[in-house]
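A short write-up of the structure that comes next.
The values are calculated or read from the model by the stated rules, or taken from the named source; none is laboratory data. Everything numeric in this text was worked out from a predicted model, so none of it was measured. Cβ sites come from the backbone with ideal geometry, for glycine too, and all protein chains shown count toward neighbours. All accessible areas refer to the heavy atoms of the entire protein, side chains included, with ligands and DNA or RNA removed. Shrake-Rupley method; radii C 1.70, N 1.55, O 1.52, S 1.80 Å.
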Amino acid sequence: MPDESILSDEFIRELINVGEVDILVGVPTHNDARTVGQVVQAVRAGLLKYFPRARSVIINADGGSRDGTRDLVCAASINDTVGSNLPALRTLHSISTQYEGPPASGTALHTILAAADLLQAKACAVISPESTSLEPEWVERLLRPVIREGVDLVLPVYRRHKFDGMLIRNLVYPVTRAVYGCTVQEPYPSDYAFSSNLGSNFLNQDLWTQEQGRHGTELWLTLAAIIGRYRIYQSFLGTRGRLESPPSDLVKAMRETAGLLFCSMDCYPAAWKDSREPLPAPCGGCQPAVSLEPMRVNRKRLHQMFTFGISQLEPVFSSILSTPTHEELKRLATLPENEFELPEPLWARTVYEFAAAYHRAVIGRDHVVQALVPLFRGRALTFLTENREAKESEIESNIDKVCHAFEAEKPYLLQVWDGGK
Amino acid sequence: MPVQQDALWYKDAVIYQVHVRSFLDSSGDGNGDFRGLAQKLDYLQDLGINTLWLMPFFPSPLRDDGYDISDYRTVNPLYGTLDDFKNFLEVAHKRGIRVIIEMVLNHTSDQHPWFQESRSSRSNPRRDWYVWSDTDTKYKGTRIIFLDTELSNWAWDPVSKQYYWHRFFSHQPDLNWDNPAVREEMWDVMRFWLDMGVDAFRLDAVPYLVEREGTNCENLPETHGVIKDLRTRLDREYPGRMLLAEANQWPSDLRAYFSTGDEFHMAFHFPLMPRMFMGVKLEDRKPITEILKQTPEIPETCQWCLFLRNHDELTLEMVTDLERDYMYDEYAKEKAMRLNLGIRRRLAPLLDNDRRRIELMNGMLMSMPGTPIVYYGDEIGMGDNINLGDRNGVRTPMQWDGGWNGGFSTADPETLYSPLMLNPVYGFQAVNVQSQKRFDHSLLAWMKRLIKIRKSTAVFGRGSIQFLYPANHRVLAYVRKLGNETILVVNNLSSSAQAVELDLKPYKGNILVEMFGRNVFPRIGDLPYLLTMGPYQFYWFKIRRV
Amino acid sequence: MWSNFVGEMTRAADEILKGFARFLPRILEMLVIVLVGWVIAILLRAIARSILKIARFDKLSEHTGATQLLRGAALPSLTELTSRFVFWIAWLGFILLGISVLGVAGFDEHVATFIEFLPRLVVSLFILFFGLLAASFFSRAVLLGAVNANLSSPRIISWAVRTMIILFVVSMAFEELSISSRTVVVAFGMTFGALMFGLALAFGLGGKDLARRYLEKRFGSEPAEEQHDHEDELSPL
């Protein structure tokens, strides 16, 4: 039984008016008035252009915006009371609801999933209100595979800066690929689509009262799809717009990524311990997806924070890491910045030992995840140095190299998983 | 019950459209005739209709179902004699049924003596009764209507070695309305029939009367001039008679044909019809409310003519490409069902023979602002035969009973003007008047009740309309109002049950009385009025103060 | 002399044997009591375990965070721990009962005192156990937080937090045992200080950006400060 009590009475009344739909596009927001109008307009244009006959609805799950975000979404409605010159065959409802509790993308997704379940949407897309570079085509590229080809989860592939998303490229992507055998470039998507099948399965999972039901839920969805061996597809969308807002906190990001990855490995050991067939995730329209504009990075600070972390967190690391790994890291910390390199195999072993430590809960699990942050900074520094002059193809192959290291070290993971230090 | 004397009679009319040829054959020659039609006036009176619209019954080579007229002043011998017609007219009027006949002003048959004379030589006095030209490049901006059969609006006449103008088939040359002699002659033709007692004319292909270079030759001011002239003469000499325009145009273009009430009395609302079908298929009222919002106000004495199906294809000229593709895919999956820019099918097959949808569509037809037309056979749910060419598939003989030729004719089946419907679903053994008369719940019986209720009040024909726009877009609701009589109509366009909340605050304190069963519904309070509706269900409520 | 010695020995042995013979039933009685107690304790443990399982006690402990603490200390789950505790308390009770059957002089009083003392001992053990866990947990949390926020000397901060919590916990435990009531006041003082310090730290960590921006806006920005955050310009996700 999906928990529909999360939907307010007023929202349910609006859903009754919407009725059964083919396509539901969810937009989770919180104070996004700056961009959400543009995004919703593009979504609407995409629906009208590519799915003119489908019964569609745009649903905004809002975390309590005070800047008029919700009104901007509702303004995208097409019906017979407000005149519009759009070539629309049907009424298009664009409705908004405010979910209870603090703003969290997981709670928003929960609301969207519950609405999709109630409306029996055949395909559901979630679009980030910050996707300022959203083109109407994105809607088509995300939803078409679900509607026409029976795919269960469509993940995006963006053209991004080569140093964008380093945590994804150096940790989440390689681990997902090596451990679960599924090559998805953006396992933690902000724009994605899924089938009713996967949606209701996910809705009925027991995660909504837990941390992964609030933050990083999108990654959890990807992992659930991989573990459940659903049909996954990747669609190349285009350049992902960069917001000028302050970037997110690295500890938080680590919790939402590594934390959830470790958690899923802990919960579903059967999904990765026995070697299974790799799960294919074909990519439509994929192309080298990096851009190369120069970017200023403070490498000195990264190096300093790595060495500082190694020295200060000695007791923590000693309970997480095996002695050889720990010693090797300590040795790296003594190197000057220009000679510093955290090689891929060592990075892979480190991450795996952290995963095992998380599994065995040698210390508080959240502390395991937090302790990985300074080490990731070392890896990030290495990646930056390695790819400073790299062209598109080199970046790709360097990321592949990371993946191969993780794949090669998978037996090591199995070995350390249950305590073989 | 003789015909009532009310100048606005057409506002309260329920029109039944029929082709003499298709209704009943009394002579046994395979073609319906006026004597047959006269015999069936009882049936029509019983059905409740009060106006008959007859399709062309003039002598004709019948290459366009009679719209190619070769003599305007008599009856095609296939359908009887002029006396038969006069007799029919008299009987109809006795039963309170008025008669609308076709008047094709735009063109004649190429077999018409006028054209024969006109083409005989360039110097013939009737030469400029038609539109002749040395080149086929004049009036370039004019579209071709019958895209499937015609390549040009000009046809070469090998006899007089000139091109003649035709907007429709090449065997239908257009009359030259710039010629005063043509105008006088045509008025004379109309007087001929008006004198006989005909109540109204449906003027065919009105927008195309006059041609001017540099225009699209449609809806020209000169054309309006012609109509105004005819109307003035009609009002002067034959008050109480009516002109009905056939002009397949957007409502805003059509509006001009009402002018200030001094051109047509009525005009067909062409764009509404496909949108009603679209609304039901989409389960969304948007197409319907949108087109009605675009429909301009018309003078008090004028009226829209509404229909679901007629003798032509379900025209899709007045929809966008997106909508047309949708309509084709949903209503004409087989190529054979399509013709020109339209769908050549009857009501029942279009709606998958779904009784609930047929009822809903008829319910909307009867409750929207305008005068409804019922196409013959649709009251019993007749089918079509898409294997017959052109639009003949929707013009098969009326199915009266399960006997010989469906009761239409005593002739050999091979000699009928058109084969009868024979398939097990729509064939005359399955669908016929006699069998439906036997049951109270047949479509025919239901149609009778519907028409009766429609006629029980003048609100539907003359009242104003106000849409309610409930948040549930699958429900089309509107209030019809005339004087102190108010009727609420609620239609569920969806195939599933729906809940709808109606904002009826202006009627707070009133009760609703459902018009079919006369049952009382709860009083209207402060809260939105909640109705639950079954699939394709519709309600007509009288809003009454108690 | 020899016979005398032998006689003495025999008498002594006889005495011992007699003593034993006098004592033996009691010992047997005690053993039986202890054995029965053991069985009963095992039963009680099983009952406690199944009741806690039915009541989903582990879930509860997970939600409160106790499980994480226990895992951190490499201890079994709270259900297991509690049922073991029930076992030992029950068995200990029976063992004491058994010993009291032996009728050792003055032992009864000791047993009574012990039994009276037992609940407080249990409570103080609890306080000590969880307090120490909390101390290591919070000190580690502070350490990690400080390192990731790039604060200077995280270890000292962490050590300070740990020491304060331990001080507080130990004094609470002593207070429970009524050993030194004065320490409580001192401990409270210290804890309060620690709490304030912790809060200040938390606010400092959470609000440093805000504060910095405020200060910059107020007193003009320093370009050197700007340099600091460039690493974060890279979006990690």
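Values as computed for the structure displayed
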| item | result |
| --- | --- |
| Candidates B:292, B:282, filtered to the one that is open to solvent by less than 10 Å² (accessible area, probe 1.4 Å) and within 14 Å of chain A (Cβ to nearest Cβ) | B:282 |
| Flag if residue B:277 is within 14 Å of another protein chain (Cβ to nearest Cβ) and open to solvent by less than 40 Å² (accessible area, probe 1.4 Å) | yes |
| Region A:61-79: number of residues that are part of a strand (DSSP E or B) and modelled with pLDDT under 90 | 1 |
| Only one of B:386, B:380 that is touching an Asp or Glu at 6+ places or on another chain (Cβ under 8 Å), in a loop (DSSP other than H, G, I, E, B) and assigned by TED's automatic domain parsing to the domain that holds residue B:336 | B:386 |
| Tally, over region A:311-339, of residues that are among the charged types (D, E, K, R) and surrounded by 15 or more Cβ atoms within 10 Å (Cβ to Cβ) | 2 |
| Residue B:458 being more than 24 Å from residue B:347 (Cα to Cα), touching a residue at least 12 places away in the same chain (Cβ under 8 Å) and over 26 Å from the mean Cα position of the chain (by Cα) | no |
| Unique residue being over 21 Å from the mean Cα position of the chain (by Cα) and farther than 24 Å from residue B:493 by Cα when the list is B:236, B:255 | B:236 |
| Test: residue in region B:356-377 that is more than 21 Å from residue B:489 (Cα to Cα), away from chain A (no Cβ under 14 Å), of a type in the set (Gly, Ala, Ser) and under 20 Å from the mean Cα position of the chain (by Cα) | yes |
| Hey, residue B:96 over 26 Å from residue B:390 (Cα atoms), part of a loop (DSSP other than H, G, I, E, B) and within 22 Å of the chain's Cα centre (by Cα) or not | yes |
| Residues of region B:225-237 satisfying the condition of being within 16 Å of residue B:180 (Cα to Cα) and crowded, with 19+ Cβ neighbours inside 10 Å | B:226, B:227, B:230 |
| Unmet requirement for residue A:193, which otherwise passes all of (1) within 20 Å of residue A:355 (Cβ to Cβ); (2) in contact with a Pro (Cβ under 9 Å, 6 or more places away or on another chain); (3) not aromatic (Phe, Trp, Tyr) | (1) |
| Unique residue being open to solvent by less than 10 Å² (accessible area, probe 1.4 Å) and over 30 Å from residue A:201 (Cβ atoms) when the list is A:71, A:80, A:67 | A:80 |
| Strands (runs of 3 or more DSSP E) wholly inside region B:156-249 containing at least 2 residues that are within 25 Å of residue B:54 (Cα to Cα) and not aliphatic (A, V, I, L, M) | B:200-204 |
| Residue selected from region A:289-310 under the condition of a type outside the set (Lys, Arg) and open to solvent by 60 Å² or more (accessible area, probe 1.4 Å), by the criterion nearest to the other protein chains (Cβ to nearest Cβ) | A:304 |
| Any hit, region A:350-361, residues being part of a helix (DSSP H, G or I), open to solvent by 60 Å² or more (accessible area, probe 1.4 Å) and not assigned by TED's automatic domain parsing to the domain that holds residue A:267 | yes |
| Subset of region A:345-374 [touching a Phe, Trp or Tyr at 6+ places or on another chain (Cβ under 8 Å), more than 11 Å from chain C (Cβ to nearest Cβ) and closer than 28 Å to residue C:135 by Cβ] | A:354, A:355, A:356 |
| Verdict on residue B:374 being buried (at least 24 other Cβ atoms within 10 Å of the Cβ) and under 24 Å from residue B:292 (Cα atoms) | yes |
| Search result, residues across region A:398-414 that are in contact (Cβ under 8 Å) with a residue 12 or more places away in the chain, under 11 Å from residue A:344 (Cβ atoms) and either among the charged types (D, E, K, R) or surrounded by 15 or more Cβ atoms within 10 Å (Cβ to Cβ) (or both) | A:398, A:399, A:401, A:402, A:403, A:404, A:405, A:406, A:407, A:409 |
| Filter result for the condition that a residue is small (Gly, Ala, Ser), within 30 Å of residue A:419 (Cβ to Cβ) and either within 14 Å of another protein chain (Cβ to nearest Cβ) or free of Cβ contacts under 8 Å to residues at least 40 places away in the same chain (or both), over A:264, A:318 | A:318 |
| Failed condition for residue A:342, given (1) touching a residue at least 60 places away in the same chain (Cβ under 8 Å); (2) of a type outside the set (Val, Ile, Thr); (3) open to solvent by less than 10 Å² (accessible area, probe 1.4 Å); (4) away from every other protein chain (no Cβ under 14 Å) | (1) |
| Residue list for region A:377-397, restricted to those being open to solvent by less than 10 Å² (accessible area, probe 1.4 Å) and assigned to a helix (DSSP H, G or I) | A:378, A:379, A:380, A:381, A:382, A:383, A:384, A:395 |
| Flag if residue B:209 is farther than 20 Å from residue B:268 by Cα and in contact with a Ser or Thr (Cβ under 8 Å, 6 or more places away or on another chain) | no |
| Residue list for region B:310-364, restricted to those being hydroxyl-bearing (Ser, Thr, Tyr) and open to solvent by less than 30 Å² (accessible area, probe 1.4 Å) | B:315, B:326, B:328, B:331 |
| Region A:163-194: number of residues that are more than 25 Å from residue A:28 (Cβ to Cβ), more than 10 Å from chain C (Cβ to nearest Cβ) and aromatic (Phe, Trp, Tyr) | 1 |
| Failed item, numbered, when residue A:285 is tested on (1) on the phi < 0 side of the Ramachandran plot; (2) more than 13 Å from chain C (Cβ to nearest Cβ) | (1) |
| Residues within region A:20-41 that are over 22 Å from the mean Cα position of the chain (by Cα) and open to solvent by 10 Å² or more (accessible area, probe 1.4 Å), tallied | 7 |
| Restricting region B:473-519 to residues that are of a type in the set (Val, Ile, Thr) and within 14 Å of another protein chain (Cβ to nearest Cβ), the residue that is surrounded by the most Cβ atoms within 10 Å (Cβ to Cβ) | B:475 |
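Quick grid of which residues meet (1) touching a helix residue (DSSP H, G or I) at 6+ places or on another chain (Cβ under 6 Å); (2) at pLDDT below 95; (3) crowded, with 18+ Cβ neighbours inside 10 Å:
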| site | (1), (2), (3) |
| --- | --- |
| B:144 | no, yes, no |
| B:147 | no, yes, no |
| B:150 | no, yes, no |
| B:158 | no, yes, no |
| B:161 | no, yes, no |
| B:169 | no, yes, yes |
| B:190 | no, no, yes |
